[in-house]
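Asker: This is the structure I want to talk about, given as structure tokens.
The values are calculated or read from the model by the stated rules, or taken from the named source; none is laboratory data. None of the values given here were measured: they were computed from a predicted structure. Here the Cβ positions follow ideal geometry from the backbone for every residue, glycine too, while neighbour counts run over all protein chains shown. Quick note on the areas: whole protein, heavy atoms, side chains included, nothing else; ligands and nucleic acids left out. Shrake-Rupley method; radii C 1.70, N 1.55, O 1.52, S 1.80 Å.
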Amino acid sequence: MGTGIRVRLAGALAVIALTATACTGGSPATGKGADGAKGGALPRGETLYTTGTQWGPPANYNPLRDWDHATGTKGLVYETLFHFDPNAGKLTPWLAESGGWKDAKTYELKLRPGITWADGKPLTAKDVAYSYGLGKIEASSFHSLWSWLSGAEAVDDTTVRFTFTTAHYQEWDFTLYGRPIVPEHVWSGRSEEEILNGVNDKPVGSGAYTLKSKSQDRVVWQRRDDWWGTKALGMTPAPRYIVDVSNPSNEVVIGQLGQGQLDLSNNFLPGASSLVKAKKVVSYYDQPPYMLSANTAWLVPNTTRKPLDDAAFRKALAASVDIDKIVKGVYGDLVKKADPTGLLPQWDQYIDKGVVASDGFSYDTGGAKKILADAGYRDTDGDGLVENKDGSKISLKLAVPTGWTDWMEAAKVIAAGAKSAGISVTTEFPDQNALNEQRAKGDFDLVINNDRQLSNTPWTYYEYMFQLPVQKQQNTVNFGRYENEEAWQLVQQLGAVPTDDAAGMKAVTSKLQKIQLDEMPIIPLWYNGLWSQSTTGTWTNWPSDKAGAPAYAPALWRNWLEMGGFEMLTQLKPAK
């Protein structure tokens, strides 16, 4: 454990003592009632207090805005046709009872009978067809789907038929558990602007929870006793109420865990291993690496700005990053260094080791300087930092959200490494929502991002990296606005490979990796953990690797509710 961690942990442990009276939420550790929503007392034994999903006031409850809606909007309120089981590597029917390919370009699914929306109206095939049809709106985040999907038709009340100009099998599977279904009778009267950007603060979904209340620092979800899944799936989420608390910093979260004010933290917590060893919290593993791997953290350069529009400069920047120092000094080995391709360990079979050996990058300050010199970057004023080729100053800013202490520390390591190589990088820590806006508009130099999670296919990884065309707003993918038509064509080719054709997938991913490592549109850093620290004072039976324990993903992060997070809720047991 590095010195930096010890210092930050000492500060964090001090917070435990100091925040006893500072935290909102009453006395959930021992009290019969708790202020779960600033004005509404909730029974502690029926309430799950969680955090780590939001770092500011909830922006909206619009499931189509899957990059900034209040976490739980999709998964607790709005549902998808399938879920994905990462352990089994297969889709699990959810709203859909079944689904399959009728021929090479026709997919047909059957909805479960008897599903109703929260307002009591039936969920039918027309709702599914309508929901997919919203992708036809040009500004929709899934508009590209309709470049190969040609029709979504309700054959009868429970049968939906999708037809394709080209079948993108892997992308389609991802869509089946990623696209929320919304009620046509509620949404059809809205304008396109309202559909895409409306707050939707009275959401009507089919899921197990409804929105009970909201405030600047929390969202309260209330379980529906008439949820269709209780009978059809044989599942009932244990908490009657879920209070999702947004927090200003990881240190405050440690304090709240220490006071029993939180049941589940999906934050990165400095010194989490010490908390596990001291049995103050439980995690998926009780020894290193403590957490499951969830995603890859990248350094994302804005490729529309000089000198980040130069592949040689980006490669020099990549070589300047001491990732090992981040892994050990910032995380204390809670994470692993990423492969140069960044593909998660679960996708290791798709990494072309030969391409990595010939084109991969590693920490090499001298090598970074040589790349800069060979590309024509010179230190013309003798300050130890290179200038642009036209002699103008280079002054790059690396932005990460304030309060994300691990990323803030990692950003400092990156900036220091860049300076050693002769590149001027300074750090800044804006509010997360403000940074999201800047990132979407391309108003940044460098950011760290990990928005693309583990999925059913590495196609999602490359779609994040290479998707075209670049829009005025880049809300979910290709934040660096990198344009490479050949790469985007390969991504679409990968999406069309049948899901059981591993050799076909490898042939395409090898070509993509060659382009990636030559161009460095993003710089893979480390594998982020599926951060999960739980207390057992109110809820037990948390997921872990122990025999007989639930093996679901212990996370309520956006998009993880469809990958085991919701199922986790159904396995919790009251402590008393």
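Asker: Nearest 0.05, what FRET efficiency do residue 381 and residue 470 give at R0 = 45 Å with Cβ-Cβ as r?
Answerer: 0.85
Asker: Figure the gain on full extension for residue 286 and residue 102 (residue separation times 0.36 nm, minus the Cα-Cα span) and round it to one decimal in nm.
Answerer: 61.6 nm
Asker: Under 8 Å for C-alpha pairs, at least 6 residues apart: give me the relative contact order for the chain, rounded to a whole percent.
Answerer: 21 percent
Asker: At 1.4 Å probe size, with no ligands or nucleic acids counted, give the accessible surface of residue 225 in Å², nearest ten.
Answerer: 110 Å²
Asker: Could you point to the residue in 551, 415, 61 farthest towards the positive end of the chain's charge dipole, with +1 and -1 charges on the Cβ of Lys/Arg and Asp/Glu respectively?
Answerer: The Cα lying farthest towards the positive end belongs to 551.
Asker: Residue 389: which aspartates and glutamates have alpha carbons under 17 Å from its alpha carbon, excluding same-chain residues fewer than 8 sequence positions away?
Answerer: 309, 310, 374, 379, 381
Asker: How much of the accessible area of the range 39-92, in percent, comes from carbon and sulfur atoms when a 1.4 Å probe is used?
Answerer: Roughly 48 percent, rounded to a whole number.
Asker: To continue, here is another question. Give me, ordered by chain and number, the residues 5 or more places off residue 402 or on other chains with an amide H under 5 Å from its own placed amide H.
Answerer: Those lying under 5 Å, H to H, from residue 402 are 431, 432.
Asker: Nothing charged except the Cβ atoms of Lys and Arg (+1) and of Asp and Glu (-1): what's the magnitude of the dipole of the chain about its Cα centre? Round to the nearest 20 debye.
Answerer: Dipole magnitude for the chain comes out near 1480 debye.
Asker: For the chain, what does the accessible surface come to per residue with a 1.4 Å probe? Please give it in Å².
Answerer: 38 Å²
Asker: Then there's this: What is the set of long-range amide H partners of residue 90 at a cut-off below 5 Å, with H atoms built 1.01 Å from backbone N?
Answerer: For residue 90, whose amide H was placed from the backbone, the distant partners under 5 Å are 85.
Asker: Just to verify a number: FRET efficiency for residue 510 and residue 192, C-beta to C-beta distance, R0 = 45 Å, to 0.05?
Answerer: Here the calculated transfer efficiency is 0.65.
Asker: With the dipole of the chain worked out from charges on the C-beta (+1 for Lys and Arg, -1 for Asp and Glu) around the Cα centre, which of 123, 203, 494 lies farthest toward the positive end?
Answerer: Among 123, 203, 494, the one farthest towards the positive end of the dipole of the chain is 203.
Asker: Tell me, what is the FRET efficiency for residue 278 and residue 450 to the nearest 0.05, using R0 = 45 angstrom and their Cβ-Cβ distance as r?
Answerer: About 0.95, to the nearest 0.05.
Asker: Now for a separate question. Given the Cα-Cα distance of residue 518 and residue 483 and 0.36 nm per residue of separation, how much length would full extension add, in nm?
Answerer: 11.2 nm
Asker: Sticking with this structure for a sec: Taking the Cα centre of each part, how many Å lie between the range 287-317 and the range 39-78?
Answerer: 29 Å
Asker: Per 0.36 nm of contour for each residue apart, how much would the distance between residue 90 and residue 119 grow if the chain were fully extended, relative to their Cα-Cα spacing?
Answerer: Extra length from residue 90 to residue 119 when fully extended: 7.3 nm.
Asker: Rank by packing, highest mean first: peptides 329-337, 263-271, 457-465, with packing defined as the count of other Cβ atoms within 10 Å averaged across residues.
Answerer: Result, highest mean Cβ count within 10 Å first: 263-271, 457-465, 329-337.
Asker: Another question, if that's okay. Projecting each Cα onto the charge dipole of the chain (Lys/Arg +1, Asp/Glu -1 at the beta carbon, about the Cα centre), which of 293, 435, 503 comes out farthest on the positive side?
Answerer: 293
Asker: Sticking with this structure for a sec: Please report, as a whole percent, how much of the solvent-accessible surface of the range 251-379 comes from carbon and sulfur atoms (probe radius 1.4 Å).
Answerer: 49 percent
Asker: Using a 7 Å offset from the Cα along the Cα-to-Cβ direction at both residue 166 and residue 309, what is the distance between the two label points in nm, to one decimal?
Answerer: Inter-label distance under the simple model: 2.9 nm.
Asker: On to the next question. Scan around residue 539 for amide H atoms under 5 Å from its own, H built in the peptide plane at 1.01 Å from N, and keep only partners 5 or more places away or cross-chain.
Answerer: When sequence neighbours closer than 5 places are left aside, the close amide H contacts are 575.
Asker: Also: Tell me which lysines have Cα within less than 16 Å of residue 511's Cα, excluding those fewer than 8 residues away on the same chain?
Answerer: Straight-line reach from residue 511, under 16 Å: 353.
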